[in-house]
Structure formats: structure tokens, C-alpha cells
Amino acid sequence: MMPLPSHSEIQAQSLETIRRGSQSFDFASRLFDSEHRLAAALLYSWCRHCDDEVDVPGDETAQDKLQR
């Protein structure tokens, strides 16, 4: 079993995800103070992850995806 990432690793990965994933969200998040920018990046990263998970092609039904 892989160890869970540290809090700072999750934060860094989230900031990288928003930077790579959406120029407009990344730019808009730079208008916030650092605390709110990080919160926006964490939320964006979670939404990006969920979107990527349900977009995976395969034989899963919508119900299977919800269960996963």
C-alpha cells in the first residue's frame, strides 16, 4: 500500500493541476489571497479528478461509475 501524500504535497499537486488544467481558472485564482487561491486550487483539483474518473471509457454503466 502506498503512503498517503502529505498535506503540503496535496497542496502543491493541486496548484499544479489548476495551472496545467485551465488557464482561465489559474489566472482567476491569482486574484485571490494565498489562502483562497489554495482553496480554489483544491476544489478545482477535486472536480478535475471526478470529471476524469467518469470520462474514462469502458464498459461501466453510470451506476457502476457512481459506486466507484
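Using only DSSP helix segments of four residues or longer, with each worth -39500 (n - 2.57), what per-residue ellipticity at 222 nm results for the chain after dividing by its residue count and rounding to 500?
It comes out at -22500 deg cm²/dmol, rounded to the nearest 500.
What's the long-distance tail for the chain, i.e. % of Cα pairs beyond 18 Å?
Everything past 18 Å amounts to 48 percent.
Output the 0 to 90 degree angle, nearest 10, between the alpha-carbon long axis of helix 7-21 and the longest principal axis computed from the alpha carbons of the chain.
80 degrees
Probe of 1.4 angstrom, ligands and nucleic acids ignored: what's the accessible area per residue over the chain, in square angstrom?
84 Å²
So how tilted is helix 34-54 from the main axis of the chain? Cα-based, degrees 0 to 90, rounded to 10.
20 degrees
Just the number, please: carbon plus sulfur as a percent of the accessible area of the chain, 1.4 Å probe, no ligands or DNA/RNA counted.
60 percent
With every protein chain present, what accessible area does Glu53 have (1.4 Å probe, heavy atoms only), rounded to the nearest 10 Å²?
70 Å²
The values are calculated or read from the model by the stated rules, or taken from the named source; none is laboratory data. All figures in this text were calculated on a predicted structure; none of them were measured in a lab. Heads up: the accessible areas ignore ligands, DNA and RNA and are worked out on the full protein's heavy atoms, side chains in. Shrake-Rupley method; radii C 1.70, N 1.55, O 1.52, S 1.80 Å.
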